[in-house]
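These notes concern the structure reproduced below.
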Amino acid sequence: QKEVEQNSGPLSVPEGAIASLNCTYSDRGSQSFFWYRQYSGKSPELIMSIYSNGDKEDGRFTAQLNKASQYVSLLIRDSQPSDSATYLCAVRGTNTGFQKLVFGTGTRLLVSP
Amino acid sequence: DVKVTQSSRYLVKRTGEKVFLECVQDMDHENMFWYRQDPGLGLRLIYFSYDVKMKEKGDIPEGYSVSREKKERFSLILESASTNQTSMYLCASRTLVGGETQYFGPGTRLLVL
């Protein structure tokens, strides 16, 4: 079982719709969770971090964390073509001696005009 | 704004060559990382440095070494380049003060012939 799993996609949504991206993780003691966006040919950039159960909203983005079910999700409201990118889920677990992040392989999102 | 720079965007090297990839950050971050990113495999940690002259192996350190003589600079060395080290190499830096944001450099695309 991979430590952090994401559906590779592509996830296709029309402009203006809600895009829902999901991520599951295996380390039950994980404490910190991150969503990075990576445009084609570019490096990842952090868009959201979440540390406690529930929802965290930032503009059009909402991160949701459910530690009991070991999943974290990212909702993008009013999706725009400029949101088309690969979204990487990253988790910092408890069994990583130097606080490394473990990344999923990413979900590719395509937003069509 | 945090800036992480990498010495080259593209490199072409021959099998057996010694390759140096350099990374510089300007925010006095304690932690620095080297990843490689390959299609379908995601981001994999090669080495991590939590302070000057300190280093830890990541998930795939074989064939690589690192050097951190100054806080702002973290170098990745391919001792004898091989074709299976053709990849995108990403450097990142992080401070744990005020959160755990990890900032990535633009990446170096290395082709080993």
Considering (1) under 25 Å from B:R36 (Cβ atoms); (2) of a type in the set (S, T, Y); (3) in a strand (DSSP E or B); (4) away from chain B (no Cβ under 12 Å), say which one A:S30 fails and leave the rest. (3)
Tell me the residue from B:E56, B:E100 that is within 14 Å of the chain's Cα centre (by Cα) and within 28 Å of A:M48 (Cα to Cα), please. B:E56
In the set A:K56, A:K42, the lone residue that is in a loop (DSSP other than H, G, I, E, B), within 14 Å of chain B (Cβ to nearest Cβ) and either more than 10 Å from the chain's Cα centre (by Cα) or not aromatic (F, W, Y) (or both) is A:K42
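Out of the stretch A:99-113, which residues are among the basic types (K, R) and more than 17 Å from A:D27 (Cα to Cα)? Show your work before the answer.
Taking the stretch A:99-113 first, the residues among the basic types (K, R) are A:100, A:108.
Within the stretch A:99-113, just A:R108 meets the criteria.
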Filtered residues of the stretch A:12-21 (kept if buried (at least 17 other Cβ atoms within 10 Å of the Cβ) and under 15 Å from the mean Cα position of the chain (by Cα)): A:A19, A:L21
With the condition kept exactly as written, say whether any residue in the stretch B:60-79 is within 14 Å of chain A (Cβ to nearest Cβ) and assigned to a loop (DSSP other than H, G, I, E, B). yes
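A short reminder: the numbers here are calculations on the coordinates, not readings from a lab. Here the structure is a predicted model, which means the values were calculated and not measured. For neighbour counting, all protein chains shown are included, and Cβ atoms are generated from backbone atoms with ideal geometry for every residue, glycine included.
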